[in-house]
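The values are calculated or read from the model by the stated rules, or taken from the named source; none is laboratory data. Bear in mind that the values here come from a model prediction, so they are computed numbers and not experimental data. Cβ sites come from the backbone with ideal geometry, for glycine too, and all protein chains shown count toward neighbours.
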Amino acid sequence: MAAIPPPPPPPQVAVHPAVQPLSSLLGTWRGQGEGTFPTIAPFKYSEEVQFSHSPNKTWELSSGEAMHSESGYWRPKLDGTIEVVIAQSTGLVEVQLFMFCYGENFKNTGSAFRFYALMLYFNLQKGTYDEQISVKLKSALVGNGSKVNEIHRVFELINGEELSYVVEMATILTSLQTHLKACLRKL
Ligand code: HEM
């Protein structure tokens, strides 16, 4: 019997206009991060993030052993804000609400995005200006996470090439503290 051919790659779907302001996030990013929290030993990790259909994943920096993974949706809303829904491999689920964002791409979109500012940073070594987009999210709901009360996430996108983020969390034992910081490059 003839071998079954491999499935074709997924069809290329045009970016929905509502997602267009975020389209520079789409793609695969890889880099390194470091984790801290007052109750645990600091750790470093590698990470690959895909803003697409596949889950984000992390692995231990030296052994390559799988660590945390999560998957979710960035949902631009009609009022111009963004709702981000995330399911984590630990079973924890979050609904994140947009606190602010700024950047050139958000200039003509909904009301909350009117608080945009084009952030230009003069890079002394390169002699160029860098564009930066920042999005800050704060949990409106954290569920099924026995210890976690609150999660804040800040994403910074520089020149469409470098994506960094900070994750802070508050638990039943600890106020809001940094848990993760990472810097990823677009592949
Ligand atoms: C520990 C939550 C993402 C690696 C923890 C703890 C919590 C937690 C509640 C236990 C803290 C304590 O014992 O007081 C979360 C949440 C995340 C997240 C809500 C996402 C928003 C990650 C990621 C990694 C990671 C992406 C790896 C790259 C670790 C490690 C520990 C830990 C290594 C210490 C485990 C131990 O020593 O028992 N995390 N985490 N976490 N997390 Fe995360």
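Just one of the listed residues (Glu131, Glu150, Glu94) is near the ligand (Cβ under 10 Å from one of its atoms) and either in contact with a Gly (Cβ under 9 Å, 6 or more places away or on another chain) or at pLDDT below 85 (or both), namely Glu94. Figure legend. Inter-residue proximity from the stretch 32-44: first residues under 16 Å from Thr174 (Cα atoms), second residues near the ligand (Cβ under 9 Å from one of its atoms) and in a loop (DSSP other than H, G, I, E, B), beta-carbon distance below 9 Å, spacing 6+ or different chains. Indicated pairs: Phe37/Thr174; Pro38/Leu173; Pro38/Thr174; Thr39/Leu173; Thr39/Thr174.
Residues that are hydroxyl-bearing (Ser, Thr, Tyr) and either at pLDDT 85 or above or more than 19 Å from Val84 (Cβ to Cβ) (or both) are absent from the stretch 10-23. Reported count of residues in the stretch 66-86, each being within 18 Å of the chain's Cα centre (by Cα) and within 11 Å of the ligand (Cβ to nearest atom), is 6. Taken over the stretch 49-65, the residue count meeting the criterion of being within 11 Å of the ligand (Cβ to nearest atom) and at pLDDT below 80 is 1. Within the stretch 153-187, being within 12 Å of the ligand (Cβ to nearest atom) and among the acidic types (Asp, Glu) holds for one residue alone: Glu168.
When you check Gly160 against the structure, is it within 17 Å of the chain's Cα centre (by Cα) and modelled with pLDDT under 60, yes or no? Against the criterion (within 17 Å of the chain's Cα centre (by Cα) and modelled with pLDDT under 60), Gly160 does not qualify.
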